[in-house]
Amino acid sequence: MAGDCCQSVPEAQASNRRNRRQRGQILPLMLRRRKADVVIELPANQQQVIELDLNTRRRRLYQTYLKRK
């Protein structure tokens, strides 16, 4: 929360209790489903590779990105 740094310890504890209580109230209502359970007809994942020429500036930027990775 945005105001956490300005709360006293009792206020922070009360806020944590409210959050836990609200989470406990909402959790039973949330529907969690996996992709496999929802859509069976999806095709296999497809990937398309497109090669293109980069200008000098973008090539340097991309090389810097690769070095940091």
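Taken together, the values in this text are just the output of simple stated rules run on the coordinates, not laboratory data. Small disclaimer: the values here were computed from a predicted structure and weren't measured.
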Largest to smallest principal axis extent of the C-alpha atoms in region 29-69, angstrom: 51, 26, 14
Candidate values (1) 31, 17, 7; (2) 32, 11, 7; (3) 45, 29, 7, label of the one derived for semi-axes √(5λ) of the Cα gyration tensor in Å: (3)
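Run lengths n ≥ 4 of DSSP H only: what is the helix-derived mean residue ellipticity at 222 nm for the chain, with -39500 (n - 2.57) per run over all residues, to the nearest 500?
Values: 3 runs with 35 residues, N = 69.
Value at 222 nm, helices only, nearest 500: -15500 deg cm²/dmol.
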